[in-house]
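Worksheet: the structure to be examined is printed underneath.
The values are calculated or read from the model by the stated rules, or taken from the named source; none is laboratory data. If you're wondering where the values come from, they're calculated on a predicted model, not measured in any experiment. Cβ atoms come from the backbone with ideal geometry, glycine included; neighbour counts cover every protein chain shown. The area values use the complete protein model at the heavy-atom level, side chains included, leaving out ligands, DNA and RNA. Shrake-Rupley method; radii C 1.70, N 1.55, O 1.52, S 1.80 Å.
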Amino acid sequence: SLAPPPPLFYGHIQASGPSVILQDLTMGFRHPSVLDIKMGLCTAAPDRTSKKRLSCEAKDKVTTTGSIGARVCGLRVYQAVTGEFLMLDKHWGKALQTE
């Protein structure tokens, strides 16, 4: 079978930094669980200031970004028993180890 199409792209905005506007793929689900992952061995964009690049490189070295090329930036999982969402943020993701 064919893979579903990628989310629709609606454009760019300049909020706290350059951002893209994509289709909400969770619309229509009652309790969607969402996982946010950064992919790649280096998260520092080449057009960033040297200070920002050094900061990103330091984070990459001590997180799973440097060891496996991916880092969990956050997640939200519906807990059917309690009827609530478990939410874990980027600080939780940075503390994950590959062991």
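In segment 17-47, of all residues being in contact with a Leu (Cβ under 8 Å, 6 or more places away or on another chain) and either over 22 Å from His91 (Cα atoms) or among the β-branched types (Val, Ile, Thr) (or both), the one that is surrounded by the most Cβ atoms within 10 Å (Cβ to Cβ) corresponds to Val34.
Among the residues of segment 48-78, the one identified as open to solvent by 70 Å² or more (accessible area, probe 1.4 Å) and part of a strand (DSSP E or B) is Arg76.
In segment 26-41 there is no residue matching the filter, namely being part of a helix (DSSP H, G or I) and within 24 Å of Thr98 (Cβ to Cβ).
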